[in-house]
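A.B. asks: Below is the structure I would like to discuss, written out as structure tokens.
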Amino acid sequence: MDFALLRDAFWGLTFDGIALGAIYALISLGYTLVYGVLRLINFAHSEVFMIGTFAALVAASGIMGVNIEDDPRTGGSMILTLLVCLIVAMLASAITAVLVEIVAYRRLRQRGATKLATLISAIGVSISLVELFRIITDSLPREFPRIMEKTFLFSYAGADIRNDKVIVIIAAGLMMFALERFITKSRLGKGIRAVSMDENTSTLMGVNINRVITVTFFAGGLMAGAAAFFYILVYENTSFKVGFFLGISAFTAAVLGGIGNLKGALFGGFALGLMETWTSAVFGTAWKAVISFIILVLVLLIKPTGLFGESIQQARV
Amino acid sequence: MANLKSRFNLRDKGAEYWERSPKWRRVALSIFFIAICYALPFLNNPLINTPGSDFQSVLFYPVGMYVLMAIGLNIVVGKSGLLDLGYVAFFAIGAYTMAILGTKTGLNFWEILPIGVGLAMLSGVLLGTPTLRLRGDYLAIVTLGFGEIVRIFAVNTDSIGGARGVAGIPTPPDIFKAKFTILDPKPYYWMLLTFTLLIIWMVRRMAARRPGRAWDAIRQDDDVAQLMGINTRKYKVWAFVLGAAVAGVGGVVYASQILSIVPDQFNLNVSILILACVVFGGIGNVWGVILGAVLLAFTPERIRFLSQPRILVFGIALVVMMNLRPDGILPKKKREHFDPDWQTVEESGEGSIK
């Protein structure tokens, strides 16, 4: 127990926690969107994220030609590289998510299979993807080249504000804003909300349910891909196992806020990010998962549907 | 379609044959199959042999162990419909009880076994009592968390070995001529098989009586079951505790055979694999669950010659299987008269989307 560390570095930890929370929030949006529409835990979502990190890696070294030994890029070249990596990661994750839906969910859904059968099918996809990448990467972690110079922009109350984390927080905020506009304003977004309210009635009202579900997975995948790029930008490495740890945390975050609820996912993501960084300062990083789970259990005991309830249709983000 | 389905429905055919058979034939068949199970380590058939790993060891772990655990998890998931993703925790508690008491005290295997099972049951009560109010998916994440917490606790607590685990766990004392040594997995297999048969017998007895009917009702509709006067909370906790007890048995036996354990053996993947066994074989039906466990445990060993991509093949097989037979290979027998319209209603109502 080291409360002195928490007290001294409080603002620094808080800043790191927000950056981590932004990544969690983006991933948990994918869980929550799918849950809202299908009432299913998308077990393969963590692998959607994992593929995003590898796509960013390929984009950086393959498309933009950044090598591990290179100096970080500057100016326009840096911005271009960042953008290309982000877009490639987002697209790769989104396409993976849509394929996962077609392979693991569609047929079972149309046959009205039980929830557990669908869960096992998704687990099968998840195992296959992890194993595929384990074989491709030879079980080794991969390093991400440094695209941008990491500098401290300014200090506030002893907290050093690092530029890459500022980018992550701002960009993640923009993504969430865009998703919120999409869900509340667009036609397809309305379709998503309608299906999450009542699947049968929305079919009767002329909502193309397959398209809505595809769009839901696509949107969730885009968010996971963005999270993957931000993750790899800050932590600069990835491995085939990366989805597992991040996925569990993000799922916890979604449940914490009330799964199926966009606002809940955002809140849960940030809350979990902050809790993990604060508690790992006090108890050591080894215990952070334990503390998060204990908090989750306590929240669920007091409010069994999560902090914000579980309906996507009422979400105002 | 209905005709085609019933013609090829081996499970119903088998069940009908069994129900029509006179008592002597049932006894004879049971003895025959049990004898085959006990004789399995001596069979050296190229069809079922496992190139690349010792067949007798494979029979004990993973095959026998998965069967035992899948039967235990089936009480929780299959019979009462509670999704438990942290089942490995109880297995770990059993194994750690054996490891710590075995190395630090003079107690032998048979004295530790009830303690290990008791501790697993106790942790089942502690986890179950507060959390079983939660609905499906929330229960899933809380149990998943519990499984991870037990593992993380074991990794970070140096007094129980930390990340290096516990080594030098004693083997059980000899029974007659059967010597329990690391070199010979046969006695362990026979012991495990005996436990498994006992547990199958107990579960079947229980399923046919009041608890079994209560679990059925809870699985189909929790609220209605409560309205009918069933103490749902009590029976849910019981299902949880019995499942935990079975995993505890598995853990104690496993630790005494493997001699040293490390916390990372008890990760989430084990829980998921056991769950896959239950669903893959046919949820709720104990024979289906056994078949699923045997297939899922055995196949990766059988195709070990593929070495690298074998888990990949396994994952793909899981997806393909679930797409072809979403109810598992041997689904639970539906007692109602077969009516295709009804079946869809029933299937979608039973623990599915809503």
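A.B. asks: Which pairs have Cβ atoms under 9 Å, sit 6 or more apart or on different chains, and link a residue in segment B:63-77 that is away from every other protein chain (no Cβ under 14 Å) to one that is part of a helix (DSSP H, G or I) and among the hydroxyl-bearing types (S, T, Y)?
C.D. replies: That search, which allows pairs on different chains as well, returns B:V63/B:Y189; B:G64/B:Y188; B:G64/B:Y189; B:G64/B:T196; B:M65/B:Y254; B:V67/B:T196; B:L68/B:T196; B:I71/B:T196.
A.B. asks: Any chance you could count how many residues in segment B:87-111 are touching a Ser or Thr at 6+ places or on another chain (Cβ under 6 Å) and crowded, with 24+ Cβ neighbours inside 10 Å? Show your work before the answer.
C.D. replies: The first filter runs over segment B:87-111 and keeps only residues touching a Ser or Thr at 6+ places or on another chain (Cβ under 6 Å), leaving B:87-88, B:93, B:98, B:109.
Checking the rest, the ones that are also crowded, with 24+ Cβ neighbours inside 10 Å come to B:87-88, B:93, B:98.
Selection size over segment B:87-111: 4.
A.B. asks: Also, I was wondering about something else. Enumerate the helices (runs of 4 or more DSSP H) found wholly within segment A:26-113, keeping only those where 2 or more residues are modelled with pLDDT of 85 or more and small (G, A, S).
C.D. replies: Numbers: elements: A:45-58, A:75-100, A:107-110.
The helices (runs of 4 or more DSSP H) meeting that bar are A:45-58, A:75-100.
A.B. asks: Would you say B:T232 is hydroxyl-bearing (S, T, Y) and closer than 24 Å to B:I169 by Cβ? Walk me through it before giving the result.
C.D. replies: On the way: hydroxyl-bearing (S, T, Y): yes; closer than 24 Å to B:I169 by Cβ: no.
The answer is no for B:T232.
A.B. asks: Suppose the filter is under 30 Å from A:Y105 (Cβ atoms), exposed (fewer than 15 other Cβ atoms within 10 Å of the Cβ) and over 23 Å from the mean Cα position of the chain (by Cα); does A:G158 pass it?
C.D. replies: On the way: under 30 Å from A:Y105 (Cβ atoms): no; exposed (fewer than 15 other Cβ atoms within 10 Å of the Cβ): yes; over 23 Å from the mean Cα position of the chain (by Cα): yes.
So A:G158 fails the test.
A.B. asks: Further, regarding this structure: For A:S202, state whether it is within 20 Å of A:A97 (Cβ to Cβ) and not basic (K, R).
C.D. replies: On the way: within 20 Å of A:A97 (Cβ to Cβ): no; not basic (K, R): yes.
It is false that A:S202 is within 20 Å of A:A97 (Cβ to Cβ) and not basic (K, R).
A.B. asks: Being under 15 Å from A:A44 (Cα atoms) and of a type in the set (A, V, I, L, M) is true for just one of A:A194, A:A250. Which residue is that? Explain how you work it out, then say what you get.
C.D. replies: Details: A:A194 fails: under 15 Å from A:A44 (Cα atoms).
Only one candidate passes the filter, namely A:A250.
A.B. asks: Sticking with this structure for a sec: Where residues in segment B:279-300 are farther than 9 Å from B:L330 by Cα and within 14 Å of another protein chain (Cβ to nearest Cβ), which of them is modelled with the highest pLDDT?
C.D. replies: By that ranking, first place goes to B:A293.
A.B. asks: Restricting the first residue to segment B:317-331 and requiring it to be at the interface with chain A (Cβ under 7 Å from one of its Cβ atoms), which pairs with a second residue that is among the hydroxyl-bearing types (S, T, Y) and in a helix (DSSP H, G or I) meet a Cβ separation below 6 Å and a spacing of at least six or different chains?
C.D. replies: Final answer for the pair search is B:V319/A:S121; B:M322/A:S121.
A.B. asks: While we're on this one: Which ones in segment B:262-271 are within 11 Å of chain A (Cβ to nearest Cβ) and under 17 Å from B:G248 (Cα atoms)? First the steps, then the outcome.
C.D. replies: Step one: list which residues in segment B:262-271 are within 11 Å of chain A (Cβ to nearest Cβ), which gives B:267-269, B:271.
Scanning segment B:262-271 gives B:N267, B:L268, B:S271.
A.B. asks: Any idea which of A:S196, A:S292, A:S280 is of a type outside the set (K, R), without any contact (Cβ under 8 Å) to a residue 24 or more places away in the chain and part of a helix (DSSP H, G or I)? Break it down stepwise before answering.
C.D. replies: On the way: A:S196 fails: without any contact (Cβ under 8 Å) to a residue 24 or more places away in the chain; A:S292 fails: without any contact (Cβ under 8 Å) to a residue 24 or more places away in the chain.
When all the criteria are applied, what remains is A:S280.
A.B. asks: Next question, about the same structure. Which residues, counting only those in segment A:263-317, are surrounded by fewer than 21 Cβ atoms within 10 Å (Cβ to Cβ), within 20 Å of A:I192 (Cβ to Cβ) and modelled with pLDDT of 80 or more?
C.D. replies: A:K263
A.B. asks: Restrict the check to segment B:161-171 and report whether at least one residue is over 30 Å from B:I258 (Cα atoms), hydrophobic (A, V, I, L, M, F, W, C) and touching a residue at least 60 places away in the same chain (Cβ under 8 Å).
C.D. replies: Residues of segment B:161-171 that are over 30 Å from B:I258 (Cα atoms), as a first pass: none.
No, the conditions are met nowhere in segment B:161-171.
A.B. asks: For segment B:166-186: of the residues being part of a loop (DSSP other than H, G, I, E, B) and buried (at least 21 other Cβ atoms within 10 Å of the Cβ), which is nearest to the other protein chains (Cβ to nearest Cβ)? Explain how you work it out, then say what you get.
C.D. replies: Looking only at segment B:166-186, we keep the residues that are part of a loop (DSSP other than H, G, I, E, B), and these are B:167-174, B:176-177, B:179-180, B:182-183, B:185.
From the residues that got through so far, the ones that are buried (at least 21 other Cβ atoms within 10 Å of the Cβ) too are B:169, B:172, B:185.
Details: B:I169: 25, B:P172: 33, B:P185: 27 Å.
Out of the qualifying residues, it is B:I169.
A.B. asks: Condition test on B:M191, is it more than 14 Å from every other protein chain (Cβ to nearest Cβ), among the aliphatic types (A, V, I, L, M) and free of Cβ contacts under 8 Å to residues at least 60 places away in the same chain?
C.D. replies: Answer is no for this residue.
A.B. asks: Being more than 23 Å from the chain's Cα centre (by Cα), surrounded by fewer than 20 Cβ atoms within 10 Å (Cβ to Cβ) and aliphatic (A, V, I, L, M), is that true of even one residue in segment A:165-180? Walk me through how you get there before you give the answer.
C.D. replies: Taking segment A:165-180 and keeping what is more than 23 Å from the chain's Cα centre (by Cα), we get none.
No, every residue in segment A:165-180 fails to be more than 23 Å from the chain's Cα centre (by Cα), surrounded by fewer than 20 Cβ atoms within 10 Å (Cβ to Cβ) and aliphatic (A, V, I, L, M).
A.B. asks: Could you list all residues from segment A:187-205 that are in contact with a Phe, Trp or Tyr (Cβ under 6 Å, 6 or more places away or on another chain) and among the polar types (S, T, N, Q)?
C.D. replies: Scanning segment A:187-205 gives no hits.
A.B. asks: Which numbered condition in (1) touching a residue at least 40 places away in the same chain (Cβ under 8 Å); (2) surrounded by fewer than 22 Cβ atoms within 10 Å (Cβ to Cβ) is the only one that B:L198 fails?
C.D. replies: (1)
A.B. asks: Which condition does B:G145 not pass, out of (1) more than 30 Å from A:G306 (Cα to Cα); (2) crowded, with 24+ Cβ neighbours inside 10 Å, if it passes all the others?
C.D. replies: (1)
The values are calculated or read from the model by the stated rules, or taken from the named source; none is laboratory data. Everything quoted here is computed from the prediction, not taken from an experiment. Cβ atoms come from the backbone with ideal geometry, glycine included; neighbour counts cover every protein chain shown.
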